[in-house]
Amino acid sequence: MIVLESIVKYFHKGSVNEVFALDDISLHIDEGDFVTVIGSNGAGKSTLLNGIAGGFFVDSGQISIAGNDVTAWPEYKRARLISRVFQDPLLGTCPSATLEQNMALAGLRGKRRGLSRGVKGRDRDRFRTALEQLGLGLEDRLLDKVGLLSGGQRQALTMLMATMIKPDVLLLDEHIAALDPKTASQILTLTQDIVENQNLTTLMITHNMKHAIGFGNRLIMLHQGRILLDLRGDEKKNLTVKDLLEQFYRAQGEELAMDSMLLN
Amino acid sequence: MTFYAALGAVEQGLVYGIMVIGVYLTFRILDFPDLTVDGSLPLGAAISAVAITSGVNPYLSLVLALAGGFVAGMATAFLNTRFKILHLLASILTMIALYSINIRIMSGPNVALLGVNTVFDPVIQLGVPAHYAGIVVFGLFAVVVLAGIIWFLGTELGQAILATGDNQQMIRSLGVNTDTIIILGVGLSNGLVALSGALVAQNQGAADVGMGIGTIVAGLASVIIGETVFGCRTIARAFIAALLGSVVYRLAIALALGAELGGFRFNPSDLNLITAILVIGALIAPNLKKRLIER
């Protein structure tokens, strides 16, 4: 479904601030895979997702999604294939538009937008039914502006909007990190329901090792722009947080050891 | 203020109201402060005046003016989206360029429209007294433009324009090319401004290269007055408020110019200063209010 071939990305190339963000990443993700992505800050997790979504063009390498070579596609064009939920609940919705307007916008993801009504009468029932599934009482607030909703409500709405048209790839960039623990677990349950029901190919970044192990069928650990660990199937199932932490620190330890060797 | 002064102010308010609707579209909806309007207003006037004096139907000349303004707006938006020139600077560049272009179009700094057909003739022929013709025509145009823009912003495409002004990242990840949307929106805005300029020229009997000076300031003043007086809770209401704000603004100006304090009177040339102070006041008022409450 997603094929990354030798993806390389520098930021501020050629300046003193040069950052080697993605270091020759190759990755094949099958249809229906639910991949959790972990790694320390600056490991390249968000950069990887952003690179797939088209937030920037990679310096070299090739990206293909669902059989399309999207390497040179701008972000808006890749949106035909990709849905995203961001860490910041404010990024996924339009605050000054109503719930139904937001959902109608998402209902046209990747399609031509013409001169027929933005929100059509026949959509409303569909929107209401979808909102009922959230169990947040939002189905009665179709005409409220989204800016009036809480962060958790907005993120739940964003999840719903991201999957109104089944995406070929769903990208979740720490989408529960900015929420309180209770809301976060609600959104996470919602995520799992949606992903399982629609059998979505998903990449989910998380900082929570338990979530990384407990969700999905594949786990990737990134470190300094490289894939350090790639576990799937039973290997992933039998993983414990302790194993993962050990691997994590071993990876960092090696870096430290190399650094100290260099410095000596 | 005499009855005729008030009539004139309402007339001006309606015709410049079409410009204010355009300014609202860029300034508030797209969050794109656009100074192109100071050039696209006389551009519309110039195109319409030259077309009419060359024998083109006055109504058709409005379409040409609208198209000309649209292209001017597209130029600004293109500079901004394609070459990442700051929106303010891009619009100033287009505005300056339009000064020369307008003189080229008119082969001089102005074109008189005396003894030619205008959009008012059919209305006067219908039996409307000449001094009401302006209000009737401008009122009609303003209402049609108002209804059109409110309808348009409710369409799928219009909703994408609203979303672009609200949350670019979101709407881009829903598959909308925000650059195209900005070009379309700023183009439409300047098309309306040029239409307004064309109507003004036909009303005052001349197009002049200097008639656009201060357009943006008058536009902003009207927008802010409209929002303050009439509110802006929904899109429809906000645009109606922008149009009415323009009328209130022109009435306020007429009042100020007619007022006499002891021996002091305002000159028409004081208008820009009054407007600037009005806009500054309206812009800093919310800020001052917040600070006072915090204390």
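Residue by residue through the stretch B:197-212, which ³J(HN,Hα) values in whole Hz follow from phi under the Karplus form 6.51 cos²θ - 1.76 cosθ + 1.60 (θ = phi - 60°), with glycine and proline marked x?
Residue by residue, the stretch B:197-212 yields x, 5, 5, 4, 4, 5, 6, 8, x, 6, 9, 9, 5, x, 6, x Hz.
Sticking to Cα atoms, compute the Rg of chain A to one decimal and its Dmax as the biggest Cα-Cα distance, whole number, in Å.
Both quantities, over Cα of chain A: 19.6, 72 Å.
What is the stretch B:3-212's relative contact order, in percent, from Cα pairs under 8 angstrom and six or more apart in sequence? Don't skip to the end; give the middle numbers.
Details: 350 pairs, mean separation 95.6, N = 210.
For the stretch B:3-212, the relative contact order is 46 percent.
Under 5 Å between amide H atoms, partner at least 5 residues away or on a different chain: which partners does B:Leu113 have, H built in plane at 1.01 Å?
HN-HN under 5 Å from B:Leu113: B:Ala206, B:Ala207.
Each residue of the stretch B:239-255 in order: what ³J(HN,Hα) in whole Hz does its phi give by Karplus 6.51 cos²θ - 1.76 cosθ + 1.60, θ = phi - 60°, with x for Gly and Pro?
In residue order, the calculated couplings are 6, 4, 4, 5, 5, 5, x, 5, 5, 4, 4, 5, 5, 4, 5, 4, 4 Hz.
Net charge near B:Ala72, counting Lys/Arg +1 and Asp/Glu -1 over other residues with Cβ under 14 Å of its Cβ? Don't skip to the end; give the middle numbers.
Working: positive: B:Arg104; negative: B:Asp34, B:Asp38.
Around B:Ala72, the surrounding residues sum to -1.
Please give the calculated 222 nm ellipticity per residue for chain B, where each DSSP H segment of at least 4 residues contributes -39500 (n - 2.57) and the sum is spread over every residue; nearest 500 deg cm²/dmol?
Values: 12 runs with 221 residues, N = 295.
Rounded to the nearest 500, it is -25500 deg cm²/dmol.
In the protein assembly as shown, if every C-alpha pair distance is counted and binned at 10 Å from zero, what percent goes to each bin?
Pairs per bin, as whole percents: 3, 15, 22, 20, 16, 12, 7, 3, 1, 0.
Under 5 Å between amide hydrogens, which residues at least 5 positions from A:Leu229 or on another chain qualify, with H placed 1.01 Å from N in the peptide plane?
A:Met221
Taking every alpha carbon pair in the stretch A:90-216, what does the distance histogram look like in 10 angstrom bins from 0, in percent?
Values per bin, smallest distances first: 12, 44, 34, 9, 1.
Which three numbers, in whole Å and largest first, are the semi-axes of the equivalent ellipsoid of the stretch A:1-60 derived from its Cα gyration tensor as √(5λ)?
Numbers: eigenvalues 100, 34, 17 Å².
For the stretch A:1-60, the ellipsoid semi-axes come out as 22, 13, 9 Å.
Averaged over its residues, how many other protein chain Cβ atoms are within 10 Å of peptide B:160-170's Cβ atoms? Walk me through the numbers before you get to the answer.
Working: counts 4, 1, 6, 8, 1, 2, 8, 11, 1, 8, 14.
Mean partner shielding for this stretch: 6.
Averaged across the residues of A:74-80, what count of C-beta atoms belonging to other chains lies within 10 Å of each residue's C-beta?
Working: counts 3, 6, 11, 2, 3, 7, 1.
Going residue by residue through A:74-80 and averaging, the value is 5.
For an R0 of 25 angstrom, estimate the FRET efficiency from the Cβ-Cβ distance between A:Gln198 and A:Thr240 and round to the nearest 0.05.
Numbers: r = 30 Å, r/R0 = 1.19.
Efficiency at R0 = 25 Å is approximately 0.25.
Which value, to two decimals, describes the C-alpha radius of gyration of the stretch B:120-272 once divided by 2.2 N^0.38 Å?
Details: Rg = 18.7 Å, N = 153, 2.2 N^0.38 = 14.9 Å.
Taking the Cα Rg and dividing by 2.2 N^0.38 Å, one obtains 1.26.
Using only helices, what value at 222 nm comes out for chain A when you add -39,500 (n - 2.57) per DSSP H run of length 4 or more and divide by the total residues, to the nearest 500 deg cm²/dmol? Don't skip to the answer; put the middle values down first.
Numbers: 9 runs with 98 residues, N = 264.
So the calculated ellipticity at 222 nm is -11000 deg cm²/dmol.
Using modelled amide H (1.01 Å from N, peptide plane; none on Pro or chain starts), what sits under 5 Å from the amide H of A:Arg84, excluding residues fewer than 5 places away?
Distant-sequence amide H within range of A:Arg84: A:Leu171.
For a protection proxy built on the mean count of beta-carbon atoms within 10 angstrom, sort B:146-156, B:237-247 highest first, please.
Details: B:146-156: 17.2, B:237-247: 23.6.
Answer by packing, highest mean first, reads B:237-247, B:146-156.
Taking the highest mean first, how do the peptides A:226-233, B:63-70, B:18-25 order by number of other beta carbon atoms within 10 angstrom per residue? Before the final figure, lay out each step's value.
Values: A:226-233: 16.5, B:63-70: 23.4, B:18-25: 29.8.
Highest mean packing first, the order is B:18-25, B:63-70, A:226-233.
Could you rank the peptides A:46-54, B:44-52 by their average count of other C-beta atoms within 10 Å per residue, with the highest value first? Before the final figure, lay out the partial values.
Numbers: A:46-54: 23.0, B:44-52: 28.1.
With the highest mean Cβ count within 10 Å placed first, the list reads B:44-52, A:46-54.
For the residue pair B:Leu126 and A:Arg122, what label-to-label distance in nm results when each label sits 7 Å from Cα along the Cα-to-beta-carbon direction?
Taking the simple label geometry, B:Leu126 and A:Arg122 are separated by 3.9 nm.
Normalised by the empirical 2.2 N^0.38 Å for globular proteins, what value does the Cα Rg of the stretch A:96-166 take? If you can, show how the numbers build up before the last one.
Working: Rg = 11.5 Å, N = 71, 2.2 N^0.38 = 11.1 Å.
Rounded to two decimals, the normalised Rg is 1.03.
Step by step: find N for chain B, compute 2.2 N^0.38 Å, then divide the Cα radius of gyration by it. What's the final number? Mind dumping the intermediate values first?
Values: Rg = 19.2 Å, N = 295, 2.2 N^0.38 = 19.1 Å.
The reported ratio for this selection is 1.00.
Are there any chymotrypsin sites (Phe, Trp or Tyr not before Pro) in the stretch A:56-114 that are in a DSSP loop and have at most 15 other Cβ atoms within 10 Å? List them by number.
On the way: sites: A:Phe56, A:Phe57, A:Tyr76, A:Phe86; in loops: A:Phe56, A:Phe57, A:Phe86.
In loop regions of the stretch A:56-114 (DSSP not H, G, I, E or B), the sparsely surrounded chymotrypsin sites (Phe, Trp or Tyr not before Pro) are A:Phe56, A:Phe57.
Please give every one of the aspartates and glutamates within straight-line cross-link reach of A:Lys13, meaning a C-alpha to C-alpha distance under 14 Å, and leave out same-chain neighbours fewer than 8 residues apart.
Within reach: A:Asp23, A:Asp59.
Within a 10 angstrom radius of each residue's Cβ in A:48-56, how many Cβ atoms of other chains show up on average? Whole number is fine.
1
Give the distance, in whole Å, between the Cα centre of the stretch B:181-218 and the Cα centre of the stretch B:125-169.
14 Å
So for B:Leu255, B:Leu261, A:Leu171, fewest C-beta neighbours within 10 Å to most, what's the order?
On the way: B:Leu255 14, B:Leu261 7, A:Leu171 26.
Least to most surrounded, the residues fall as B:Leu261, B:Leu255, A:Leu171.
Read-outs throughout are calculated quantities, based only on the coordinates presented, and are distinct from any laboratory measurement. Worth saying up front: this structure is predicted, and the values here are computed from it rather than measured. For neighbour counting, all protein chains shown are included, and Cβ atoms are generated from backbone atoms with ideal geometry for every residue, glycine included.
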